[in-house]
Amino acid sequence: MSSDTQMQEFLSAATDAVLRGENNLERLAGRYDMPPEVADDWQSLLMELNSTLVVVQPSARFENQLKAELMGRQPVAVRWPLKRLPVRVQLAAVLTLVGGFLLLLRNRFVGGVGKVALAKKEEARVAR
Amino acid sequence: MGLFNRRTRSYKKMDDQELIVLAKDDKEAFGELYERYMRKIYNYIFYRVGNAQDAEDLTSRVFYRAMGHIDNYVDRGVPFQAWLYRIAHNLVANFHRDQSRRKIIPLDDYVAHSLRSDAPDRQAEASEDEERLMAAIHRLPPERQQLILLKFIQQKSNAEIGEIMNRTEGAIKSLYHRTLLALRDELAIQELERQPERNQDTLSSARNKQVRG
């Protein structure tokens, strides 16, 4: 076994041992013909990784809501992601919606007025 | 009530393949798959993005995408769980690409801060060492981050990680070795950066070594 492969095997085994809660890797190092200093060298990093990377729990609200949405028990909540946006973004979204709606109304109204005016002009032209 | 309970109980006894076949027409079967894997996927995403809000958004997208494409899922040696991780990995990559276009806060600061304040079940403040380690992990290339998280959070074997990352077990062992070396170098550089005036020469030679590596 090359020294690189040996080291790879040792690190995999050492990680499994740390994950199982073992905190002395010297004996393990012996099995892979590694000097004890090498075990010490890696042990602190592996233990730090093990204590830092802990399982986190998603909130129960999120877990239940997503399941309900996926199961089709409730409609996909549009308000839910919107509520998490910064206030100024929410405000901008609402203003854009209102502005767009008003623009549509205006076009319809002005368009309607324009059509009436055109029709009247046409009538007058025909009458002449 | 009796019927519903019997069905629910029988889903729990089914393996993934049986559930996948049913899930094509039956949302309750998909619900069982969701129960089995949602927390694992959430954890993976949480550590990749660094905060609960984005982790929730991306986890939702993973399961919507999985549900939308379950008709096309065929087990060709890739377990359902590995398929979910691949979806999650791709969505996280897209997320980081979008973030980098509109990044305001440096990612490391953001991650360290968010992990401290957002993890729902982590009441105590993360120590300075944990922050340093998280910042170092987030400087690794995405596939190395994925490997570290699958090892330590999900406690997967090299063979299982190989299925998820589409590599052989031997390739995973080798990548893991290189990842730990890179992480150790990164932590050493961080240590030198904490006392820059004393370690200027050592620091620049370490950075050069890292760039060459």
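Of note:
- Taking 0.36 nm per residue of separation and subtracting the Cα-Cα distance, full extension of the segment from A:LYS121 to A:ARG108 would add 2.7 nm.
- A simple spin-label model places pseudo-atoms 7 Å from Cα toward Cβ; at A:ASP41 and A:MET71 they are separated by 5.4 nm.
- Computed lengthening from B:ASP26 to B:ARG178, 0.36 nm per intervening residue step minus Cα-Cα distance: 50.3 nm
- Residues A:ASP40, B:ASP57, B:ASP26, sorted by accessible area with the largest first, give A:ASP40, B:ASP57, B:ASP26 [1.4 Å probe; ligands and nucleic acids excluded].
- For the pair B:ASP15 and B:GLU35, the difference between a 0.36 nm per residue extended length and the Cα-Cα distance amounts to 5.9 nm.
- Inter-chain Cβ neighbour average for residues B:61-69, partner chain, 10 Å: 1
- Net charge of Cβ neighbours under 11 Å - reference A:TRP42; Lys, Arg +1; Asp, Glu -1: -3
- Accessible surface, 1.4 Å probe, highest first, among residues A:TRP42, B:TRP83: B:TRP83, A:TRP42
- Residue-averaged beta-carbon neighbours from other chains (10 angstrom radius) around A:56-66: 6
- Pairing chain A with chain B buries about 4000 Å² of accessible area. This figure sums both sides and uses a 1.4 Å probe.
- When the listed pairs A:LYS67/B:LYS40; B:LYS151/B:LYS173; B:LYS12/B:LYS151 are checked against a 21 Å cut-off, the alpha-carbon distance exceeds it for B:LYS12/B:LYS151.
- Other protein chain C-beta atoms within 10 Å of residue C-beta, averaged over B:179-190: 2.
- Here the peptides B:148-160, A:58-70 are ranked by packing, the mean other Cβ count within 10 Å, and the order with the highest first is B:148-160, A:58-70.
The values are calculated or read from the model by the stated rules, or taken from the named source; none is laboratory data. Nothing here was measured: the structure is a model prediction, and the numbers come from that model. Cβ atoms come from the backbone with ideal geometry, glycine included; neighbour counts cover every protein chain shown. Heads up: the accessible areas ignore ligands, DNA and RNA and are worked out on the full protein's heavy atoms, side chains in. Shrake-Rupley method; radii C 1.70, N 1.55, O 1.52, S 1.80 Å.
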